[in-house]
Amino acid sequence: MTELAQDTTGLLPNQDSQLSAVSDDARHVLHPWADLSSLGTHESLIISEAKGVHVVDGNGKTYIDSIGGMWCVTLGFGREELVEAIADQARRMAYYTPFGDVSSEPAAKLAAMLSERSPGDLNRVQFATGGSTAAESAVRIAHYYQKSQGRPDKIHILSRRNAYHGGTYLAASLSGKLADRTLFHYETDIVHHMKSPGFDPDISDVSAEAFLADLIDDMERTIAEVGADRIACFIAEPIMASGGVLVPPPGYQKATLDLCRKHDILYISDEVVTGFGRLGHFFASETRFDIVPDMIVTAKGLTSGYQPLGAVLISDRIAAAMSEAAPKDKPVFSNGFTYSGHPVACAAAIANIEIMEREDICGHVRKVGPYFIDKLKALRSSPIVYAVRGDHLMACVECTVGMETGPTARNMALAQRVDRYCEEAGLLVRPYENLCILSPPLIVTERHIDSIVAILGASIERAGKDLRAGEI
């Protein structure tokens, strides 16, 4: 029996259920980032079951999931230990309020575990429901801190173009992806987007040093224009994920942190994607990029996607300063959520961390990650591949019709054609603009990687033939 067959044994479709799901979805579900022009008519791919690095649709077709659900299914699908941890906690106590002076054993234990694995003095944890609410909470904490220290005008926020920090009102406003700016309203008075830091030495016409200097000059100009005495915080993904797996030039993270320290601006590291093993470490801020931020935002791989959970890790210095300055008449920290520190979600995260350490998942990523990137970079020989970039198990292949670069209509159509051929061949990648983004489960093997790259390469070749035939 093949490895694929072993992974998906027993995952049998129910045709009636599949047809009903497709119909119900089209009629009733409004998907995140949905194409509203096809609302009610588009037939979604219904994923029914999953095991390991594979998922199965309602028709029984098996795919390699090379996007890890959405950056988050790190330990793979069908991990019984995670399922049992969730079930055991639900039986014991499914939920109780986290507000005020009430907590649960899983929340307390998880907070301690996160503190032990975080850099520096990031020992205080506020739980959220996911990455968006965690990012928003981090900024609110920055606002509270600055005001508590007698600096009520420090409310402005620095972000970057192509950043992604979530879908809630403020988190979406922090995000800098132009394609996501549609008919919604966004906060523009206090949010400032600086230059995108993505640097690709394979296609850049300037050196990494020159590019870094320009980025830092841009940040210094922005600080001067806004006024350091008005800026509360800077929020940054160590590597931009949803914006196209954009990797800053070496030294960028440290240089921006130094600027923040110089101007008394809090540094928030958004590790929703880069944390929990995707770059080979629980947190990448210090181990990979030599920074200890004031706060770290985490989610996704925190529970391997088995439960929704996010967290903000906060410096003891910040937490203590807020506590000491809390007004006597209003000492309440009025930020949090009904499901903050949900005991079932925290139980999943605890089991997830225990498995990661027992199986040395981070070490495995450090081994297979470079292999993944090297294999993908071989695809650059195709005339329709403009760039391949990434770090360990987050990567991106950028498509081009030739003279055009960036998300032009034809480039996006070309990438969508690649995506379609991948799906036909049993591989799920994440199409975004003219990009094919990949973030497989962290348990992926070199054998899986070979299959991913082979299918993607064949799909790129088919799309290239369509382009040459004038079909795109």
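The values are calculated or read from the model by the stated rules, or taken from the named source; none is laboratory data. This one's a predicted model, so the numbers in the text were calculated from it and none came from an experiment. Every residue, glycine among them, receives a Cβ derived from its backbone with ideal geometry; neighbour counts consider all protein chains shown. Side chains are part of the model used for accessible areas, which takes the heavy atoms of the whole protein and leaves out ligands, DNA and RNA. Shrake-Rupley method; radii C 1.70, N 1.55, O 1.52, S 1.80 Å.
Taking the helices alone, the chain has a mean residue ellipticity at 222 nm of -13000 deg cm²/dmol, built from -39,500 (n - 2.57) per DSSP H run of at least 4 residues and averaged over all its residues.
A simple spin-label model places pseudo-atoms 7 Å from Cα toward Cβ; at Asn123 and Arg317 they are separated by 1.5 nm. Working from Cα pairs under 8 Å separated by at least six residues, relative contact order for the range 126-202 is 29 percent.
Can you give me the accessible area per residue for the chain, using a 1.4 Å probe, in Å²?
On the way: 20840 Å² over 472 residues.
Here the residues of the chain average 44 Å² of exposed surface.
Using a simple spin-label model with pseudo-atoms 7 Å out from Cα toward Cβ, Asp290 and Lys330 lie 4.3 nm apart.
Starting from 0.36 nm per residue, how many nanometres of slack lie between Asp205 and His31 once their C-alpha separation is accounted for?
On the way: separation 174, 0.36 × 174 = 62.64 nm, distance 3.96 nm.
Length gained between Asp205 and His31: 58.7 nm.
The spread of Cα positions in the range 226-278, taken along each principal axis and listed from longest to shortest, comes to 35, 20, 19 Å. Projected over all directions and averaged, the alpha-carbon convex hull of the chain occupies 23.4 nm².
Compute the length gained on full extension between Val102 and Ile472: take 0.36 nm times their separation in residues and subtract their Cα-Cα distance, giving the result in nm to one decimal. Walk me through the numbers before you get to the answer.
Details: separation 370, 0.36 × 370 = 133.20 nm, distance 5.93 nm.
That pair, Val102 and Ile472, stretches by 127.3 nm at full extension.
One equal scatterer on each Cα of the range 371-458, no solvent, Debye formula: the resulting log10 I(q)/I(0) at q = 0.16, 0.24 Å⁻¹ is -0.56, -1.26.
Remark: relative contact order (the range 363-443) = 27 percent; criterion is Cα-Cα distance under 8 angstrom and separation of 6 or more residues. The alpha-carbon atoms of the range 386-429, seen along their principal axes, cover 28, 27, 12 angstrom, with the largest extent given first. Given a cut-off of 29 Å, name the pairs among Lys61/Lys375; Lys109/Lys262; Lys154/Lys328 whose C-alpha atoms lie farther apart than that in the structure shown. Cα-Cα > 29 Å for Lys109/Lys262; rest within.
Based on the Cβ-Cβ distance from His263 to Thr338, what FRET efficiency comes out when R0 is 45 Å, to the nearest 0.05? Intermediate results must be reported in sequence, preceding the final value.
Numbers: r = 36 Å, r/R0 = 0.81.
Between His263 and Thr338 the formula returns 0.80.
Ranking Ala319, Gly336, Tyr306 by how far each Cα lies toward the positive end of the dipole of the range 288-361 (charges on Cβ) leaves Gly336 at the top.
For the range 35-123, how big is Rg over Rh, using alpha carbon atoms and the Kirkwood form of Rh?
On the way: Rg = 19.0 Å, Rh = 17.0 Å.
Taking Rg over the Kirkwood Rh, I get 1.11.
If each residue of separation counts as 0.36 nm, what is the full-extension length gain between Thr445 and Leu45 once their alpha-carbon separation is subtracted? Before the final figure, lay out the partial values.
Working: separation 400, 0.36 × 400 = 144.00 nm, distance 2.57 nm.
Extra length from Thr445 to Leu45 when fully extended: 141.4 nm.
Counting only Cβ charges, +1 for Lys and Arg and -1 for Asp and Glu, the dipole size of the range 226-271 around its Cα centre is about 160 debye. I'd like to know which of Thr182, Gln149, Ala171 lies farthest towards the positive end of the charge dipole of the range 142-191, counting +1 on Cβ of Lys and Arg and -1 on Cβ of Asp and Glu. Of Thr182, Gln149, Ala171, it is Gln149. The label-point distance for Arg366 and Arg380, in a model that sets each label 7 Å from Cα toward Cβ, rounds to 2.6 nm. A quarter of the convex hull surface defined by the alpha-carbon atoms of the range 109-226 gives 10.3 nm² as the mean projection.
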